[in-house]
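Beneath this line is the structure, given in structure tokens, with notes to follow.
The values are calculated or read from the model by the stated rules, or taken from the named source; none is laboratory data. What you are looking at is a predicted structure, and each value in this text was computed from that prediction instead of being measured. Methodologically, a virtual Cβ is constructed for each residue, glycine included, from the backbone with ideal geometry; neighbour enumeration extends over all protein chains shown. Calculation scope for accessible area: heavy atoms of the full protein, side chains included, ligands and nucleic acids excluded. Shrake-Rupley method; radii C 1.70, N 1.55, O 1.52, S 1.80 Å.
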Amino acid sequence: MRKFWMTALMMTVAVAGAQTISYTTESGPDDVDIGKKTATVHQTVNLKLPEATALHLDATKLTFDISKLSADEQRESKMYCAYGFGPDVASSTNPNFWNQQQVLPLGTKYETTDTWGEINVIAGEQITSYPPIKKDANKEVDNATKAYFVCYRSFIIQKFSNVGNFKLSVTRNNPAVGEQGRQMMYIQDNPCSTFGGPTGLYKLEPGATRELIPMDKTTGTTGARAAGTTGQTQPELGGGSNKCRPLTSWLDDLVVIAVVVDGDRAGNNNAVLTYTLESKDTPFELADSDATGN
């Protein structure tokens, strides 16, 4: 089994060029067939590839800056903060999701748009001040507006695997109790080949690990999965109307992270997430799950 941990930003640069090569004579016995009207010789063309597993992450730092909550500031930072509808809503477990519960943070959720990489957050009224508070028509404070709220951001992670099967997990660091960086956090990964409708997220507690790709989407190579969606709209694949990026062996995943803002201390509440892509030549099973925590 191959594992690849995302520990640094990987950058690739394509450069145009040309190179002259000569013809090849390889070692081995010659194949000669002489006939009166037909001659046949045999050649094996071998594309020999090393096993490779790789991750590419642009957003090595994802900041939820609660000091910038005006609608324009949120739009510029590609963040959205809003009230919830109540407490978290958890679904029943499903083996295809590695028996992990999907959760709607404060009852909120998101759905895709017609543009790949965009999401719509389905939540209560947008938060534009901190601490959250609003007054009614009589200028009386509405205590309901002092509630917790949730903020959403998203980014793209690209994965490459040519071994035959792959899975992606994420592990959160575990600060000591009382230290900062223990904010309520939720995460969900949407492989481009399966991008669909509204979805829940996995609650990612400090120290926990979550499997991010559904089990039935872990087979094959990333290049085969990307090629299988190239040129097709998602309705043809049973999802939304997004398209995968064409002509690539790297598979795009849209990752959504939500944080609930409650009683956290002022300052930098840093949570360190480590993404791990694993490859192996046999199918993954539930027993291969690295998921831990609640």
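Of R172, R265, R245, the residue with the greatest mean-square motion in the GNM of the chain, using alpha carbon springs below 10 Å, is R265. For K167, a cut-off of 16 angstrom between C-alpha atoms picks up these lysines, skipping any fewer than 8 places away in its own chain: K3, K159, K217, K280.
With q set to 0.11 Å⁻¹, the log10 of I(q)/I(0) for the range 54-183, from the Debye formula over equal scatterers at the Cα positions, is -0.56.
Starting from the range 63-162, pick out the trypsin sites (Lys or Arg not before Pro) whose DSSP state is loop and whose Cβ has at most 16 other Cβ atoms within 10 Å.
Here the trypsin sites (Lys or Arg not before Pro) that fit, given the DSSP loop and packing criteria, are K68, K78, K134, K139.
The dipole here belongs to the chain: it is taken about the Cα centre, uses +1 on the Cβ of Lys and Arg and -1 on the Cβ of Asp and Glu, and is about 200 debye.
Remark on G164: its backbone amide H falls under 5 Å from those of K280, a criterion applied only to residues 5 or more positions apart or on other chains, H modelled at 1.01 Å from N. Residues whose amide H falls under 5 Å from that of Y80, counting only those 5 or more places apart or on a different chain, are Y152, with hydrogens built in the peptide plane. Label sites at K61 and D30, each approximated as a point 7 angstrom past Cα along Cα to Cβ, lie 6.6 nm apart. Spin-label pair S70-E140: with each label point 7 Å from Cα along the Cα-Cβ axis, the two points sit 3.2 nm from one another. Between K48 and I21, residue separation times 0.36 nm minus the direct Cα-Cα distance comes to 7.8 nm. With contacts taken as Cα pairs under 8 Å and at least 6 residues apart, the chain reaches a relative contact order of 24 percent. For the chain, the share of alpha carbon pairs falling in successive 5 Å distance bins from zero is 1, 5, 10, 13, 15, 14, 11, 8, 6, 4, 3, 3, 2, 2, 1, 1, 1, 0, 0, 0, 0 percent. Heavy-atom accessible area, probed at 1.4 angstrom with all protein chains present, ranks L49, L254, L104 as L49, L104, L254, highest first. Please identify, among T115, T60, T25, the residue showing maximal mean-square fluctuation in a Gaussian network model of the chain using a 10 angstrom Cα cutoff. Highest fluctuation of the listed residues: T25. Normalised per residue, the accessible area of the chain is 59 Å², obtained with a 1.4 Å probe and no contribution from ligands, DNA or RNA. On the chain, 50 percent of the accessible area sits on carbon and sulfur atoms, based on a 1.4 Å probe.
Each residue was assigned an accessible area with a 1.4 Å probe, and for D30 the value is about 140 Å².
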